[in-house]
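Structure record follows, encoded as structure tokens.
We did not get these values from a lab; they are worked out from the coordinates using the rules stated. Source: prediction; values computed, not measured. Cβ placement follows ideal geometry from the backbone for every residue including glycine, while neighbour counts extend to all protein chains displayed.
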Amino acid sequence: MAGLSSLAPVSSSVPNLGRLRQFVADMSDVVDQGDDEAAILAAGKVLLERLIAVDDWLPNEYARPHPERYQQYLLHCDSRERFSVVSFVWGAGQATPIHDHTVWGLVGVLRGAEYVESYRRAPSGFEYSAPPAVLQRGEVDAVSPRIGDVHRVSNGVEGGVSVSIHVYGANIGAVRRATYVPDGTPKPFISGYANTHLPNLWDRSK
Ligand SMILES: [Fe+2]
């Protein structure tokens, strides 16, 4: 069988899921070391930057936009729900409402760009905690109740599709959290996921 891999056709249509599998293994190592949030965010940022540096691993079905709303596809959830990995897919003009997370999160852009508006509480609801910013392809941002947990995210590419990879310190689709109207009134929500099947990271035959 020697040389088989060198004979394999090179095709961009075959996703390199080994990259995501390695990321999951490395993130498991990070959360195994304890629940120091600052340490998790620092180590996780390096790993996520590495994951999104090459765009050859995300299967097309988890990068598919919906004509009306952004999509949140679960790619992997840790068996103890210590972290989850999600692809967010933004069609033209799509945006989240203002929302919180209640757990740490890392946001990295795989394709296109993400427009991020970060908020903090103010007497009349929320105000920007920083000037709105465009997160470019390859860049990673962080959220958490400790460092700032409320934001609104939208597609940063006019007329195109953007894809970002998010990592959260829980099974994020099952977390009870809130969206907010501009006056600060919370509306409880549990996001769930757009997909019913997950990518198979565990076929190592190729
Ligand atoms: Fe968010």
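Summary of computed values
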quantity: Protection proxy ranking, peptides 59-69, 105-115, average beta carbon neighbours within 10 Å, highest first; calculated: 105-115, 59-69
quantity: Average Cα contact separation per residue, segment 68-135, under 8 Å, 6 or more apart, as relative contact order %; calculated: 22 percent
quantity: Karplus (6.51, -1.76, 1.60) ³J(HN,Hα), θ = phi - 60°, over segment 136-149, in Hz, Gly and Pro reported as x; calculated: 8, 3, x, 9, 10, 10, 10, 9, 4, x, 6, 9, x, 10
quantity: Mean separation of Cα contacts under 8 Å, 6 or more apart, over the residue count of segment 112-182: relative contact order %; calculated: 37 percent
quantity: Note, ³J(HN,Hα) from phi for segment 195-206, Karplus 6.51, -1.76, 1.60, rounded to Hz, x at Gly and Pro; calculated: 9, 10, 10, 10, x, 8, 7, 10, 7, 9, 6, 9
quantity: Computed [θ] at 222 nm, helices only, for the chain once each DSSP H run of length n ≥ 4 contributes -39500 (n - 2.57); calculated: -5500 deg cm²/dmol
quantity: Shape call, segment 1-130: gyration tensor on alpha carbons, a/c limit 1.5; calculated: oblate
quantity: Among 49-56, 196-203, 83-90, 178-185, the order from most to least packed when residues are scored by Cβ within 10 Å on average; calculated: 83-90, 49-56, 178-185, 196-203
quantity: Asn195 long-range amide H proximity, modeled H, under 5 Å; calculated: Leu74
quantity: Charge sum, other residues only, whose C-beta stays under 13 Å from Ile147's C-beta, Lys/Arg counted +1 and Asp/Glu -1; calculated: -1
quantity: Nonlocal amide H pairs with Val150, under 5 Å, H built at 1.01 Å; calculated: Tyr119
quantity: Under-5 Å amide H pairs with Gln94, H placed in peptide plane, nonlocal only; calculated: Asn155
quantity: Residue-wise HN-Hα coupling along segment 177-190, computed from phi with Karplus coefficients 6.51, -1.76, 1.60 (Hz; x: Gly, Pro); calculated: 9, 9, 9, 9, 7, x, 7, x, 5, x, 10, x, 8, 10
quantity: Förster radius 41 Å - calculated FRET efficiency between Ser13 and Asp183 (Cβ-Cβ, nearest 0.05); calculated: 0.30
quantity: Chain lengthening between Arg146 and Arg121 when straightened (0.36 nm per residue, less Cα-Cα); calculated: 7.7 nm
quantity: Contact order relative to length of the chain, as percent, for alpha carbon pairs under 8 angstrom and 6 or more apart; calculated: 24 percent
